[in-house]
1. Looking at the structure I just gave you, is R72 open to solvent by 20 Å² or more (accessible area, probe 1.4 Å), closer than 30 Å to S103 by Cα and within 12 Å of the chain's Cα centre (by Cα)?
2. Among the numbered criteria (1) open to solvent by less than 20 Å² (accessible area, probe 1.4 Å); (2) closer than 22 Å to W63 by Cα; (3) at pLDDT 90 or above; (4) not hydroxyl-bearing (S, T, Y), which one does A46 miss?
3. Answer yes or no as to whether T143 is under 27 Å from R14 (Cα atoms), modelled with pLDDT under 95 and surrounded by fewer than 17 Cβ atoms within 10 Å (Cβ to Cβ).
4. Counting only residues that are open to solvent by 20 Å² or more (accessible area, probe 1.4 Å), part of a helix (DSSP H, G or I) and either under 27 Å from P62 (Cα atoms) or not aliphatic (A, V, I, L, M) (or both), how many does the range 79-135 have?
5. Within the range 83-90, does at least one residue satisfy the condition of being in contact (Cβ under 8 Å) with a residue 40 or more places away in the chain, on the phi < 0 side of the Ramachandran plot, in contact with a helix residue (DSSP H, G or I) (Cβ under 8 Å, 6 or more places away or on another chain) and not small (G, A, S)?
6. Out of the range 1-22, which residues are open to solvent by less than 40 Å² (accessible area, probe 1.4 Å) and either farther than 13 Å from L68 by Cβ or among the hydrophobic types (A, V, I, L, M, F, W, C) (or both)?
7. From the list L70, L84, L23, which residue is at pLDDT below 95 and out of contact with any Ser or Thr (no Cβ under 8 Å at 6 or more places or on another chain)?
8. Checking V34 against (1) part of a helix (DSSP H, G or I); (2) more than 17 Å from S2 (Cα to Cα); (3) open to solvent by less than 40 Å² (accessible area, probe 1.4 Å), which single condition isn't satisfied?
Amino acid sequence: MSETRQRIRDHIERDPGVHFRELTRALDLGTGQVQYHLRRLDDLTAESVSGRKHYYPPGYDPWERRTLALLRRETARDVIVTLLERETARPGTVADHLGIARSTLEHHLDGLVECGVVEKRRDAGRVTLSLCRPVETTRLLRTAEPTLSERLTDRFERLVDGLLEEP
């Protein structure tokens, strides 16, 4: 195996769920070079989640892969941490706690609910949020520590969302 291919494999094993752009940035490689080597690493799994392609070593099931991908987004990760701390919460409470617009929260909740990470329950006309699998989510949260460039990208997206919100 070439040195470059081994570097790519090692990075994905250390950072499961890393998305393609972050992989190229972290290893300082060209996109074509990374694409070439990824095609030859046939035991890795690639999955697109919310418009980004993420890569995983063997051993992660579909729920774990989707959850890891979502945990790489700062706002989604913050929502999950909030629900871990509180067990259940109303959407307005989570949005206020995180200092984000309710529409931004709902955008991230859509993906979290669709992937089976968060559950929305309606009781007497009130929506309550909770984690579907808190123990497994906590374990994956420890695996998905974001890089500096991921944090900066997420914060830029948050800034743009805030600028686009109506006053």
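The values are calculated or read from the model by the stated rules, or taken from the named source; none is laboratory data. Just so it is clear, the structure is predicted and the values come from calculations on it, not from any experiment. With ideal geometry, Cβ positions are generated from the backbone for all residues, glycine too; neighbour counts draw on all protein chains shown. Each accessible area value is taken on the protein alone, full model and side chains, heavy atoms only, with ligands, DNA and RNA left out. Shrake-Rupley method; radii C 1.70, N 1.55, O 1.52, S 1.80 Å.
1. Values: open to solvent by 20 Å² or more (accessible area, probe 1.4 Å): no; closer than 30 Å to S103 by Cα: yes; within 12 Å of the chain's Cα centre (by Cα): yes.
So R72 does not fit the description; no.
2. Among (1) open to solvent by less than 20 Å² (accessible area, probe 1.4 Å); (2) closer than 22 Å to W63 by Cα; (3) at pLDDT 90 or above; (4) not hydroxyl-bearing (S, T, Y), A46 violates only (1).
3. Numbers: under 27 Å from R14 (Cα atoms): yes; modelled with pLDDT under 95: yes; surrounded by fewer than 17 Cβ atoms within 10 Å (Cβ to Cβ): yes.
Judged against the criteria, T143 is a match.
4. 18
5. First, the residues of the range 83-90 that are in contact (Cβ under 8 Å) with a residue 40 or more places away in the chain: 83-84, 87-89.
Then keep just the ones that are on the phi < 0 side of the Ramachandran plot; that gives 83-84, 88-89.
This time we only want the ones that are in contact with a helix residue (DSSP H, G or I) (Cβ under 8 Å, 6 or more places away or on another chain), so: 83-84, 89.
With the extra rule that they be not small (G, A, S), the set shrinks to 83-84.
Among the residues of the range 83-90, at least one is in contact (Cβ under 8 Å) with a residue 40 or more places away in the chain, on the phi < 0 side of the Ramachandran plot, in contact with a helix residue (DSSP H, G or I) (Cβ under 8 Å, 6 or more places away or on another chain) and not small (G, A, S), which makes the answer yes.
6. Of all residues in the range 1-22, those open to solvent by less than 40 Å² (accessible area, probe 1.4 Å) come to 4, 8-9, 11-12, 15-20, 22.
Across the range 1-22, the qualifying residues are T4, I8, R9, H11, I12, V18, F20.
7. Working: L70 fails: out of contact with any Ser or Thr (no Cβ under 8 Å at 6 or more places or on another chain); L84 fails: out of contact with any Ser or Thr (no Cβ under 8 Å at 6 or more places or on another chain).
Only one candidate passes the filter, namely L23.
8. Answer for V34: the failing condition is (2).
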